[in-house]
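Quick notes on the structure that follows.
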Amino acid sequence: TNGRILMVTQSAGFRHGAVNRGDKPLSPAGRVMTELGVSSNLFRVDCTQDVAADFTREKLQNYNIVMFYTTGKLPIKQADLDYFFNDWLKQKGHGFIGTHSAADTYKDYKPYWDMIGGTFNGHPWGAGSTVTITVHEPDHPVAKPWGKEFTLKDEIYQFKNWQPEKVRVLMSLNMSKCNPKRPYHVPVAWCRDWGQGKIYYSNLGHNPATWTNKVVLKSTENAVRWVLNLDEGDATPNPAVSKAEEAKAKAAAK
């Protein structure tokens, strides 16, 4: 196995069903990731809902990927956060994978939203919505399993602090085929370089069923491979895509 992942499923705000442990040792998402690591023989996962104890400079040395399915302002010590952003995450072979409400975490804290690329600003497409998603980069390992376009039933966030000039958008809502139609770009997945480290974010994952979707699992496995530099995938920012999607969305919403 190449990777060791610290998967944080702590909620300091809304707690999603996919990260609710109930009376079990792992949440549904934590269990899925643990099993995926074993079945792919690619990584091992340690799940935590206690960042104060487990997200420290010392403990980060045991990992090369941090994965967040989190909400709110987590109780991570400032010195550990600074180290994470400015040192650990910039190291080759290190990376951050954020799913769904990772964008609803530290959402007013600039160093965090600067890193992740955008933060939660409502979800006009609720958990019962079926959305159509355009894949801009069908050859990128993370996007490849999806083909050129797909539909999925999941809750989709729109973003504030969105910085298309810093990220490579891999997938977006196809606004002409979604309801409601909103006159702005809604990215669904993106990636970027951070020093020599890598960052990947996916909007998907609100519904527990998303975590058992085979295509989601393949895409997630490929995201880990990409972060670990086992698969090539361009992370050059593509703000022109965001601009073009914005124009399409405005036309669709008229």
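For this structure, a couple of remarks:
- Under 5 Å from the amide H of GLY197 lie the amide H atoms of GLN91, each residue being 5 or more positions distant or on a separate chain, with H modelled from the backbone and absent for Pro and chain starts.
- Residue by residue, region 139-150 carries 3J(HN,Hα) couplings of 9, 6, x, 5, 8, 3, x, 8, x, 8, 7, 8 Hz when phi is fed to the Karplus relation 6.51 cos²θ - 1.76 cosθ + 1.60 (θ = phi - 60°); x denotes Gly or Pro.
- Where [x] -0.27, -0.43, -0.53, -1.20; [y] -0.31, -0.48, -0.58, -1.20; [z] -0.51, -0.72, -0.81, -1.08 are the candidate values, the label of the one calculated here for log10 I(q)/I(0) by the Debye sum over Cα atoms at q = 0.08, 0.10, 0.11, 0.16 Å⁻¹ is [x].
- Long-range HN-HN contacts of GLY13 with modeled amide H, under 5 Å: THR71, GLY72
- Nearest-ten-degree value, helix 28-40 long axis tilted from longest Cα axis of the chain: 80
- With DNA, RNA and ligands ignored, accessible area of PHE159 (1.4 Å probe; Å², nearest 10): 30
- In order along region 204-211, the Karplus-derived 3J(HN,Hα) couplings, from 6.51 cos²θ - 1.76 cosθ + 1.60 at θ = phi - 60°, round to 6, x, 5, 6, x, 4, 4, 6 Hz, and Gly and Pro are given as x.
- Longest site-free stretch - the chain; sites: GluC sites (Glu not before Pro), DSSP loop, at most 10 other Cβ within 10 Å: 1-164
- If R0 equals 22 Å, the separation of the Cβ atoms of THR151 and LYS250 corresponds to a calculated FRET efficiency of about 0.50.
- Cβ-Cβ FRET estimate between GLN61 and ALA240, R0 fixed at 41 Å, reported to 0.05: 0.55
- Principal-axis tilt of helix 239-253 within the chain, Cα atoms, nearest 10 degrees: 50
- Sites ASP139 and GLN196 - FRET efficiency at Förster radius 30 Å, r taken between beta-carbons, to 0.05: 0.85
The values are calculated or read from the model by the stated rules, or taken from the named source; none is laboratory data. It should be emphasised that the depicted structure is a prediction, and the values quoted were computed from it without experimental measurement. Here Cβ is always computed from backbone atoms with ideal geometry, including for glycine, and neighbour counts include all displayed protein chains. These area figures cover heavy atoms from the full protein model, side chains too; ligands, DNA and RNA do not enter into them. Shrake-Rupley method; radii C 1.70, N 1.55, O 1.52, S 1.80 Å.
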